[in-house]
Amino acid sequence: MRTIADISYIQNDSVLSRIKRWLNTNQQLKSVVHRILIPRGQAEPRWFVKFFVNPFFHKISRKARIKRTSRQDVFPFNEYQVGAGTTIEDYTVVNNGVGEVIIGEDSRVGIGSVVMGPVFIGDATITGQNCLITGLDHNFHEYGTPIKDQGVSMNPTHIGHGTFIGANVSILPGVFIGDNVVIGAGSVVTRDVPNNHMAIGNPARIIKKYSKEVGEWIRI
């Protein structure tokens, strides 16, 4: 059964959430705050945000490893959590500008991968190299208006615990991937994959299920 009970950012009454709701009632002030934090037309924060603002809002375990060449486009107005034992590899991009990014413990975001919130990644989950995991999409319904000016839409993406995502996989907005799932390399995941299943292809389709009775993957 699909559940989002453990995605903490869906319902949140933290101080940060209350500040966001207050800013949303004052668009002029909100615009000023954005300009202070983000250069116009850019997706990465100003240099001082990383060192002097984010540490007061984000929960990054001291036992997590974020490699030096990882581009952390993260902002204080959305949650960003990285659990103990988790590694975010070189040349990755993590962006919480539109929605929260929550990564559990003992997980790994592979070299060159991109994570764009809202995204939840559970414990002991691994992604291969050059993966895209996104919870946002660009709107494109207004003919004659450049897509870049049409804004974005959000649909949280969930990856459960103990899951393996192969290299060069794209996981699109709104997809729910359960626990102990295997996604084959090069797949484009557009639909949910339940617990203990294996999926592969473009678009990805389920090909196997793990049988606890037999103790192996069974083709379905």
Inset, instruction - Name the residue farthest towards the positive end of the dipole of the chain from the options Asn196, Pro39, Val152, assuming +1 on Cβ of Lys and Arg, -1 on Cβ of Asp and Glu, about the Cα centre. - result: Pro39
Legend entry - Cα long-axis angle, helix 27-37 against the chain (0 to 90 degrees, to the nearest 10): 80 degrees
Legend entry - Under the Karplus curve 6.51 cos²θ - 1.76 cosθ + 1.60, θ = phi - 60°, whole-Hz ³J(HN,Hα) for segment 161-177, x wherever Gly or Pro sits: 8, x, 9, 10, 10, x, 5, 6, 8, 10, 10, 8, x, x, 6, 10, 10
Legend entry - Folded to 0 to 90 degrees: helix 15-24 orientation relative to the chain principal axis, Cα: 60 degrees
Legend entry - Val189 long-range amide H proximity, modeled H, under 5 Å: Ser170, Ile171, Leu172, Ala204
Inset, instruction - With an 8 Å cut-off on Cα pairs and a minimum separation of 6 or more residues, tell me the relative contact order of segment 57-130 in percent. - result: 27 percent
Inset, instruction - Note down, for the chain, the three equivalent ellipsoid semi-axes (square root of 5 times each alpha carbon gyration tensor eigenvalue), biggest first, whole angstrom. - result: 31, 20, 16
Legend entry - Whole-Hz couplings from phi, Karplus 6.51/-1.76/1.60, listed for segment 102-109; x for Gly and Pro: 10, 10, x, 8, 6, 9, 9, 9
Legend entry - Computed helical MRE - 222 nm, the chain, DSSP H runs ≥ 4 contributing -39500 (n - 2.57), nearest 500: -3500 deg cm²/dmol
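Evaluate the relative contact order of segment 66-220 (contact order divided by residue number), counting alpha-carbon pairs under 8 angstrom at least 6 apart; express in whole percent.
Numbers: 480 pairs, mean separation 20.9, N = 155.
It rounds to 13 percent for segment 66-220.
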Legend entry - Cut-off under 5 Å, modelled amide H: who pairs with Ile177 long-range: His158, Ile159, Gly160, Val193
Legend entry - Kirkwood-based shape ratio for segment 94-154, expressed as Rg/Rh from alpha carbons: 1.10
Inset, instruction - Search the structure for amide H atoms under 5 Å from the amide H of Ala167, placed 1.01 Å from N in the peptide plane, and list their residues when 5 or more places away or on another chain. - result: Gly128, Gln129, Ala185, Gly186
Inset, instruction - With a Förster radius of 45 Å, plug the Cβ-Cβ distance of Ile206 and Ser153 into 1/(1 + (r/R0)^6) and report the FRET value to the nearest 0.05. - result: 0.95
Inset, instruction - Quick one: dipole size for segment 58-219, taken about the Cα centre, charges +1 on Lys/Arg Cβ and -1 on Asp/Glu Cβ, in debye to the nearest 20. - result: 400 debye
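FYI, it's all coordinate maths here, none of it is from the lab. Remember, predicted model here, so these are calculated numbers, not experimental data. Don't worry about glycine lacking a Cβ; one is built from the backbone with ideal geometry, like all the others, and counts go over all protein chains shown.
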